[in-house]
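Here the structure is laid out as structure tokens; the discussion comes afterwards.
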Amino acid sequence: ESGRREISFSSHLKKTILAVPGVLLALFLRPRLLRRSAWFLYGVCLTLVVLVPFIGVERNNARRWIDLKVYDLQPSELAKLGVILILARVLQANRLKRAKDWVWPVALVSVPVLFILRQPDLGTAMTLVPITLGMFYLAGARGRTITGLILACGLLGLCAYQFGWVRGYQGERIETWLSSYSAPSLIEGKDGGAFHAYHARTVIGNGGLFGTGLGEGVANRAGYLPERDSDSVLAVVLEEGGFFGGSALLLLYGLFIGLVFASAAEMRDRFARLVVGGVGLYFASHLFIHCGVNLGLLPMTGLPLPLISTGGTSLLMSL
């Protein structure tokens, strides 16, 4: 019971009410208006990201939020929308056939990524990579080129870890992740660096096939699992809904993403097709990383599951 009281449903309800008009706004938007406004919207999103170090509030050793009194705005979330719009704008007449065709798109993505990494917010920066590569592919980039970029990103990440370019706690998370594939090592570190990973996998295993029932899981009743309403919400779903309940959620979410891509495929307007494809990539990348982190397939990083996790800016962005 004490664990449940830590989660404020009224706060999330307030954020939901404030975010719902986003759906109504989206219904009346037209591709022509978005195309004309893409540079302006990208500039607004980038400006907010740049301002975070100066006017943002710091929590858990990270400065990512701007206090709006009503709720905390996370500009890095809005930056994803800005990147999708600006890439669609510059790629609508660019099929990435020549080397110089890559300069503008790569530069426009790199700037917000570098500022987001400085906050630091590795999870958000990670989601921008598959969104960008996916939109490059949708724009006409060759598969071999995309594969090369993926390998280059992997090599860059490996070098960042090997040569200590990452922050101390980020390196510790990677080391914890590598060692946590062994059950004894995971248990040994449960009171240290592996605390979050240990409790996430413990509650997932506790769910079994059919789950413990809504609100009856250890994660909610004891409150040991960190960020169980946001970054670890999948672990709670798998504990209380079990394998079948969690699988049903993931299948529905996958169907939702598939329908977004199907909608993009039917659009004749290239700009609109790229925007909607980018939105599908946004949800797909979040689903992949969120699931990978909670199941221990990826290093621990904070990333919500859109439309399921709490979080005002994430919900606003999604709607």
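The values are calculated or read from the model by the stated rules, or taken from the named source; none is laboratory data. This is a predicted model, so every value here is computed, not measured. As a convention, Cβ positions derive from the backbone with ideal geometry for all residues, glycine included, and neighbour counts pool all protein chains shown. Please note that ligands, DNA and RNA were not included when accessible areas were found on the heavy atoms of the full protein model with its side chains. Shrake-Rupley method; radii C 1.70, N 1.55, O 1.52, S 1.80 Å.
Determine the order of 317, 267 by accessible area, beginning with the largest, at a probe radius of 1.4 Å.
267, 317
Compute the whole-percent fraction of alpha carbon pairs in the chain spaced more than 32 Å apart.
The proportion of pairs with Cα distances above 32 Å equals 30 percent.
Please state the relative contact order of the chain as a whole percent: Cα pairs under 8 Å, 6+ residues apart?
Across the chain, relative contact order equals 23 percent.
Could you tell me which helices of the chain pass both thresholds, a Cα extent of 20 Å or more along their own axis and a mean Kyte-Doolittle hydropathy of at least 0.0, with helices taken as whole DSSP H runs?
Span-like helices in the chain: 31-55, 75-91, 103-117, 122-139, 143-162, 233-265, 270-294.
Over the chain, average the accessible area per residue using a 1.4 Å probe and give it in Å², no decimals.
53
Could you tell me the center-to-center distance, by alpha carbons, between the stretch 91-136 and the stretch 217-296 in angstrom?
Each part reduced to its Cα centre gives a spacing of 22 Å.
Ordering 153, 45 by how much accessible area each has at a 1.4 Å probe, largest first, what is the list?
153, 45
Would you be so kind as to identify which of 78, 25, 51 lies farthest towards the positive end of the dipole of the stretch 21-92, taking Lys and Arg as +1 and Asp and Glu as -1 on Cβ and the Cα centre as origin?
25
Dividing the alpha-carbon radius of gyration of the stretch 139-241 by 2.2 N^0.38 Å (N being the number of residues), what value is obtained?
After normalising by residue count via 2.2 N^0.38 Å, the value is 1.40.
Which value at 222 nm does the chain reach when only helices count, each DSSP H run of 4 or more adding -39,500 (n - 2.57), with the total divided by all residues and rounded to the nearest 500 deg cm²/dmol?
Value at 222 nm, helices only, nearest 500: -22000 deg cm²/dmol.
With labels modelled as points extended 7 Å from the Cα through the Cβ direction, what inter-label distance (nm, one decimal) is found for residue 54 paired with residue 95?
Here the answer is 4.3 nm between the modelled labels.
Would you mind estimating how fast the stretch 1-151 diffuses translationally, via Stokes-Einstein at 25 °C and 0.890 mPa s with the Kirkwood radius over Cα pairs, in µm²/s?
Estimated diffusion coefficient is 141 µm²/s.
For residue 210 and residue 18, what does the FRET efficiency come to when R0 = 41 Å and r is the distance between their Cβ atoms, rounded to the nearest 0.05?
Plugging the Cβ-Cβ distance into 1/(1 + (r/R0)^6) gives 0.70.
Looking only at the stretch 297-319, which residues have a backbone nitrogen under 14 Å from a spot 7 Å from the Cα of residue 68 in the C-beta direction?
311-319
First compute the accessible area of the chain with a 1.4 Å probe, then give the percent of it belonging to carbon and sulfur atoms.
Summing carbon and sulfur atoms, their accessible area is 66 percent of the total for the chain.
Show me the ranking of peptides 117-125, 191-199, 247-255 by mean Cβ neighbours inside 10 Å, starting with the highest.
117-125, 191-199, 247-255
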